[in-house]
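To start, the structure under review is shown below, and the notes come after it.
The values are calculated or read from the model by the stated rules, or taken from the named source; none is laboratory data. In this text the structure is predicted, and so the values were computed from the model without any measurement. Cβ placement follows ideal geometry from the backbone for every residue including glycine, while neighbour counts extend to all protein chains displayed.
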Amino acid sequence: MHPHLRKKKKKKKKKKKKKKKKKKKKKKKKKKKKKKKKKKKKKKKKKKKKKKKKKKKKKKKKKKKKKKKKKKKKKKKKKKKKKKKKKKKKKKKKKKKKKKKKKKKKKKKKKKKKKRRRRRRRRRRRRRRRRRRRRRRRRRRRRRRRKKKKKKKKKKKKKKKKKKKKKKKKKKKKKKKKKKKKKKKKKKKKKKKKKKKKKKKKKKKKKKKKKKEEEEEEEEEEEEEEEEEEEEEEEEEEEEEEEEEEEEEEEEEEEEEEEEEEEEEEEEEEEEEEEFC
């Protein structure tokens with residue numbers, strides 16, 4: 001090789017290398033950008049989760065406060081009752097110190113107060129009793145309704161099961177009957193064939209007793225007859241096969257009809273159920 005040509009080749013190689021380096025640098029830059037985007041997304045998600053947690057905590061605190069309030073109310077009521085009793089005792093002591101004439105008037109007032117209190121108590125008791133009775137009645141009615149609904153559902157299920165069982169039994173019976181009929185037909189055909197064969201054998205024996213010449217002629221005739229009979233038998237067998245095929249087709253059609261009927265009945269039942277619901 002000439003030295004001048006060698007130099008040219010070297011230069012070409014250097015250029016190629018430079019190009020490759022540039023490409024690599026570009027790729028690196030792209031990757032860095034993608035990574036930055038992903039990091040931003042993650043930060044946003046974290047913030048959202050923190051907010052949700054705060055809300056839940058607030059709700060729990062509110063519930064606790066409510067419970068405390070209820071308890072306080074009950075305690076207050078009890079305290080009031082006790083105070084009333086104490087006041088009554090004090091009044092009695094004061095009245096004893098007063099004069100007799102004034103006592104009579106205050107006694108009347110006392111009686112009136114007592115009557116009012118009694119009336120109020122009675123009214124409260126009556127109201128409470130009525131409320132309790134109403135609640136009990138409502139509960140009983142609800143229970144009865146639920147029980148009735150459950151009973152109805154159970155009855156429907158039982159009826160469906162019974163219907164299905166009956167259908168299955170009917171199908172089985174039909175299939176058995178068909179099979180029996182087929183077997184009987186086959187047996188009859190076999191018997192007929194056997195009888196024919198026996199008859200032929202008897203004829204042959206009788207003909208053998210006759211003269212040889214006549215026998216030869218008769219044998220030829222018999223052979224012809226046999227061939228004809230065989231042909232007839234073949235024809236009969238073919239006819240029988242055709243009949244069997246027809247029977248099978250009829251059975252298939254009947255089965256399809258039964259399946260359609262079942263589907264229709266199921267649809268009707270579903271509609272009835274929907275109406276009941």
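Among the residues of region 226-234, is there at least one that is under 30 Å from LYS156 (Cα atoms), part of a helix (DSSP H, G or I) and modelled with pLDDT under 90?
no
Going through GLU241, GLU216 one at a time, which residue ends up being at pLDDT 85 or above, over 30 Å from GLU267 (Cα atoms) and surrounded by 10 or more Cβ atoms within 10 Å (Cβ to Cβ)?
Working: GLU216 fails: at pLDDT 85 or above.
Only one candidate qualifies: GLU241.
Going by the conditions given, is LYS162 free of Cβ contacts under 8 Å to residues at least 60 places away in the same chain, part of a helix (DSSP H, G or I), among the basic types (Lys, Arg) and surrounded by 10 or more Cβ atoms within 10 Å (Cβ to Cβ)?
Judged against the criteria, LYS162 is a match.
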